[in-house]
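Notes follow once the structure below has been shown.
Read the figures in this text as sums done on the coordinates, not as results from a lab. No experiment lies behind these values; they were computed from the predicted model shown. Here Cβ is always computed from backbone atoms with ideal geometry, including for glycine, and neighbour counts include all displayed protein chains.
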Amino acid sequence: MSAERFAHDAFFVDQLIRPVANLYRISLLGPDGASAGEPLAFVRQKRLALKEDIRFFADESEHQELFRLKARQLLELRGRYDVVAPDGERLGVLEKRFGASLLRSTWGVLDAGEREVAVAREKSVPVALLRRVIDLVPYGELVPVVFQFTILMDGREAGELRRPLGLRDRYILRLGGDPERRIDRRVAVALAVALDALQSR
């Protein structure tokens, strides 16, 4: 089962460079705490899709789908994305909080019943504002900026998503503050991909 595959507290996400699609690899975090370990999934996001539908597969052959992240509507104005199993069962929901995101990007992490489990928000307001300025500059995406989200549960820090300095899109996801695994790890991994694929950084 895909839930057992992702029953871990630390992951490494890196984007693979391909001409016609955004591809990502999800791995366990390596023993050094800074690189990829055993691969767990490969992710495909079609470019220029009218309705977001990001699929997570067991390997690069893309024969076995594990789950997917999909927008509810053609134009997802509410910023809600369902994380669903191949049989259609909803695993959780990711919700972009537009008002709270004016200063720093903020996402809600909801369970299958749409109850809030956690909130992910940019750790630093100054860095968030700096990113917005860089986004306005031609080729600003080539300027390396630390990208860090804090994941909060009941007002306390349960984990983080951090992009180390560098030109490649690589992320380290840690959820050590959620030992009971109230956050479905598949939803957490979907959040890591969403923060790269679904918002301008």
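Compute the FRET efficiency between residue 27 and residue 165 as 1/(1 + (r/R0)^6), taking r as their Cβ-Cβ distance and R0 = 22 Å, and round to the nearest 0.05. Given R0 = 22 Å and the Cβ-Cβ separation, E is 0.65.
By how many nm would the segment from residue 90 to residue 47 grow when fully extended, if each residue of separation counts as 0.36 nm and the alpha-carbon distance is taken off?
This chain segment gains 13.1 nm when fully extended.
Ignoring lysines fewer than eight residues from residue 51 along the same chain, the ones with Cα atoms less than 20 angstrom from its Cα are 70, 96. Computed on the range 150-200, the Cα convex hull volume stands at 88 Å³ per residue.
Rounded to whole numbers, the Karplus 3J(HN,Hα) couplings from phi for the range 183-197 are 7, 4, 4, 5, 5, 5, 5, 4, 4, 4, 5, 4, 5, 8, 8 Hz, using 6.51 cos²θ - 1.76 cosθ + 1.60 with θ = phi - 60°, and x at Gly and Pro.
Among residues other than residue 89 whose Cβ falls under 15 Å from its Cβ, what is the net charge (Lys/Arg +1, Asp/Glu -1)? Surrounding charge for residue 89 is -2.
Near residue 22, the amide H atoms lying under 5 Å from its own belong to 45, 47; only residues 5 or more places off or on other chains count, and H is placed 1.01 Å from N.
Applied to the range 10-15, the Karplus parametrisation 6.51 cos²θ - 1.76 cosθ + 1.60 on θ = phi - 60° returns per-residue 3J(HN,Hα) values of 8, 9, 10, 10, 9, 8 Hz, with x for Gly and Pro.
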